[in-house]
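A.B. asks: Before I ask anything, let me first share the structure, which is written out below as structure tokens.
The values are calculated or read from the model by the stated rules, or taken from the named source; none is laboratory data. Model, not experiment: these values are computed from the prediction. Cβ atoms come from the backbone with ideal geometry, glycine included; neighbour counts cover every protein chain shown. Keep in mind that these areas ignore ligands, DNA and RNA; they rest on the heavy atoms of the full protein, side chains included. Shrake-Rupley method; radii C 1.70, N 1.55, O 1.52, S 1.80 Å.
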Amino acid sequence: VAKEQGDGFYHFYDSIIENQRAESMQLENELKSALRDGQFTLYYQPKIDAVSNEVIGAEALIRWIHPEYGIISPAKFIPLAENSGIILDIDEWVLREACRQNKAWQDQGLYNFPVAVNISARHFYQSNLIPMITRILEETGLDPCYIVLEITEGTLIKNVNYGIQIMEDITKMGIRISMDDFGTGYSSLSQLERLPISEMKLDRSFIEGLTDGSRKSSLVRAVIELGHHMELKVVAEGIESPDDLKFLTELKCDEFQGYFFSKPLPGEEFCGFIRDWDSSSVIDIFDSEK
Ligand code: C2E
Ligand code: MG
Ligand code: MG
Ligand code: MG
């Protein structure tokens, strides 16, 4: 059990925090060999349309299957990878793998919808970002309309004007951009209107405790309205219960993602989920409460 939960890694992780220099060198080497030895894999979490209840997309989320420590969460190693150049190689691997897999599933007739990929802030300002995306699209033959890049608000702290320019270059390629963890980071509302994004993802912290009747619901309502005024799709992350779903449906949220529908799944299991998905099962939840 300890192995599956990556306990060994957490001890290692603690020692990195305590003893920065030596241990982070070791981690960087571990991440390099993990890439080389194929220890990374992508899990996929479905996104559900609020009106049709159909699966209309997925987010690719990286997992590190460590031979000794087991499955390691990206929340643990991505921040560390971001402190070294290795994040660039990881992001490139993720994008290539997500595009390859999406194309393969489409070719097999499984579905036609976009897969969203998280791009770290550090990568965003690299001059090779656009050439890298172009190369991967050519290699995999995936139409750019089937990728969404998720960036966080923090990405724009560095240089808003330059950031917007890069975003515009990306959208000109036919790739959509989603603002991830919306409301937890930079949050300069005056700039929001300038951003060429097509979607905002409300951070899970907005959804937690939403149905307790707190003032949070007024806040969430206002944020969703703001998004709609800017002609953005509003996605709620972290839907865990039927109550969350009901509430956000009433608030006219457009899309849902969360454990209530499915945890992120390995590719094979994700295919199974798509095949078995019955959009009417969601409607049953509402009906059963009447
Ligand atoms: P994120 O992009 O905001 O991803 C959403 C996270 O929420 C995922 O955690 C997902 O498993 C989790 N989640 C989804 N639904 C629920 C729910 O109903 N309840 C709860 N409690 N959690 C839910 P995960 O996979 O551990 O990823 C954590 C973060 O690591 C991501 O946050 C993203 O910032 C980063 N990350 C993940 N994969 C990649 C990647 O391939 N590249 C980069 N650069 N970052 C990544
Ligand atoms: Mg994300
Ligand atoms: Mg998020
Ligand atoms: Mg996040």
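A.B. asks: Expressed as a rounded percentage, what relative contact order does the chain have, with Cα pairs under 8 Å and six or more residues apart?
C.D. replies: Answer for the chain is 17 percent.
A.B. asks: While we're looking at this one, here's another question. With +1 on each Lys and Arg Cβ and -1 on each Asp and Glu Cβ, how big is the dipole of the chain about its Cα centre, in debye rounded to the nearest 20?
C.D. replies: 580
A.B. asks: Let me ask you something else. Could you look at the chain and say what percent of its accessible area is carbon and sulfur, using a 1.4 Å probe and all protein chains? Write down the numbers at each step before the final one.
C.D. replies: On the way: 6790 of 14060 Å².
That share works out to 48 percent.
A.B. asks: About its Cα centre, how strong a charge dipole does the range 27-168 have in debye, to the nearest 20, once Lys and Arg get +1 and Asp and Glu get -1 at the Cβ?
C.D. replies: 160
A.B. asks: What residues qualify as long-range amide H neighbours of residue 150, i.e. H under 5 Å apart, gap of 5 or more or another chain, H built at 1.01 Å from N?
C.D. replies: Counting only residues 5 or more places away or on other chains, the set is 117, 118, 119, 178.
A.B. asks: Over all alpha-carbon pairs in the range 142-290, figure out the percentage whose distance exceeds 23 Å.
C.D. replies: That fraction is 44 percent.
A.B. asks: Rounded to the nearest 500 deg cm²/dmol, what is the calculated helix-only ellipticity per residue at 222 nm for the chain, with -39500 (n - 2.57) per DSSP H run of length n ≥ 4?
C.D. replies: So the calculated ellipticity at 222 nm is -14500 deg cm²/dmol.
A.B. asks: In Å², and per residue, what accessible area does the range 133-245 have when probed at 1.4 Å with the other protein chains present?
C.D. replies: Numbers: 5410 Å² over 113 residues.
On a per-residue basis, 48 Å².
A.B. asks: Quick one: which residues, 5 or more positions from residue 57 or on another chain, have an amide H under 5 Å from its amide H? H modelled 1.01 Å from N in the peptide plane, none for Pro or chain starts.
C.D. replies: Sorted by chain and number, the residues that satisfy this are 47.
A.B. asks: Next question. Calculate, for the range 46-94, the solvent-accessible area per residue in square angstrom, rolling a 1.4 angstrom probe over the heavy atoms of the protein chains.
C.D. replies: 36
A.B. asks: For the chain, with the dipole built from +1 on Lys and Arg beta-carbon atoms and -1 on Asp and Glu ones, taken about the Cα centre, which of 149, 167, 111 lies farthest toward the positive end?
C.D. replies: 167
A.B. asks: How much length is gained on full extension from residue 125 to residue 71, taking 0.36 nm per residue of separation minus their Cα-Cα distance?
C.D. replies: Fully extending the segment from residue 125 to residue 71 adds 16.5 nm.
A.B. asks: Could you work out, for the chain, what percent of all Cα-Cα pairs fall into each 5 Å distance bin, beginning at 0 Å and stopping at the bin that holds the largest distance?
C.D. replies: All Cα pairs considered, the percentages come to 1, 5, 11, 15, 17, 17, 15, 11, 6, 2, 0, 0, 0.
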